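We did not get these values from a lab; they are worked out from the coordinates using the rules stated. Bear in mind that the values here come from a model prediction, so they are computed numbers and not experimental data. Here the Cβ is made from the backbone with ideal geometry for all residues, glycine too, and neighbour counts use every protein chain on show.
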Amino acid sequence: MSPQAKIHPLIRREKIQATIDRLASEIARDYRDKNPLIIGVLKGSFVFMADLVRRLDFPVEMDFVRVSSYGNQCETSGKVKLVRCLATPVKGRDVLLVEDIVDTGLTTSFLLGYLKRKRPNSLKVCALTNKPCRRKTPVAIDYLGLEVPDKFIVGYGIDWDEKYRNLPDICFVEMEC
Ligand code: PRP
């Protein structure tokens, strides 16, 4: 018999939006005169990225990368592969990498290596959520939204088998056998 899943709110939309207000203020303080290149990691960061950049009242440029890392629905294979490269030149730019979640850290670590080789002027990470208990490789998060517990998280861009990205709250999945 296949397990049933219940979806419970973990971080409500109001708290997410207040968190993004704070992150946008921190980013504005540091990047206002730098015309930063803000790079979102598809697909998960698309909702967060859209909400974040609309709070920045100064010139920014945007691009997206996409990597594939997960071997199955919820466990990382440990191998990260670039699926969509960056079209925008990075050399000399002030780059901000935007993630919805840092979990094992393998995706962010891989992307930082990829971007560093392109010789940006500066390179920082903004993550809406962080699951430090799952870390397999150290990652410094310069602008962090919220820490989340070791639960199966969905919503606000984060999927379970490509579903639930459209939930406005960050939720956790409870499996019932
Ligand atoms: C998720 C998330 C991060 C990454 C974090 O993406 O959006 O990019 O996993 O996990 P890690 O720290 O263990 O590497 P995923 O690979 O599921 O693809 P998606 O964004 O298309 O859902």
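Results, tabulated for the structure shown:
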| quantity | calculated |
| --- | --- |
| Separation of the Arg135 and Val83 label points, Cα + 7 Å toward Cβ, nm | 2.7 |
| P(r) weight above 20 Å for the chain, C-alpha pairs, percent | 52 |
| Those lysines that a straight Cα-Cα span of less than 21 Å connects to Lys163, excepting residues fewer than 8 apart in one chain | Lys6, Lys43, Lys131, Lys151 |
| Of the trypsin sites (Lys or Arg not before Pro) in region 4-36, those whose Cβ has at most 14 other Cβ within 10 Å and which sit in DSSP loop | Arg12, Arg32 |
| Net charge contributed by nearby residues that have their C-beta within less than 13 Å of Arg32 (K/R +1, D/E -1) | -2 |
| Antiparallel bridge percentage (DSSP; both residues within the chain; nearest 5) | 40 |
| Expected 222 nm ellipticity per residue - DSSP helices of 4 or more, -39500 (n - 2.57), all of the chain, to 500 | -7000 deg cm²/dmol |
| Separation of the Asp21 and Asp63 label points, Cα + 7 Å toward Cβ, nm | 3.4 |
| Cα-based reach from Lys91 at 21 Å (exclusive), listing lysines while leaving out same-chain residues under 8 positions away | Lys34, Lys116, Lys118, Lys124 |
| Taking Met62, Met175 and counting other C-beta atoms within 10 Å, the order from fewest to most | Met175, Met62 |
| Cα gyration tensor shape of region 1-52, rounded if a/c is under 1.5, else prolate or oblate by comparing a/b with b/c | oblate |
| Approximate spin-label separation Arg119-Asn35, in nm, with each point projected 7 Å along Cα-to-Cβ | 1.9 |
| Relative contact order of region 58-177, pairs being alpha-carbon contacts under 8 Å that are 6 or more residues apart, as % | 18 |
| Amide H contacts of Ser45 (H built 1.01 Å from N, under 5 Å, at least 5 apart or other chain) | Asp100 |
| Using θ = phi - 60° and Karplus 6.51 cos²θ - 1.76 cosθ + 1.60, couplings along region 161-166 (whole Hz; Gly, Pro as x) | 6, 6, 9, 6, 4, 7 |
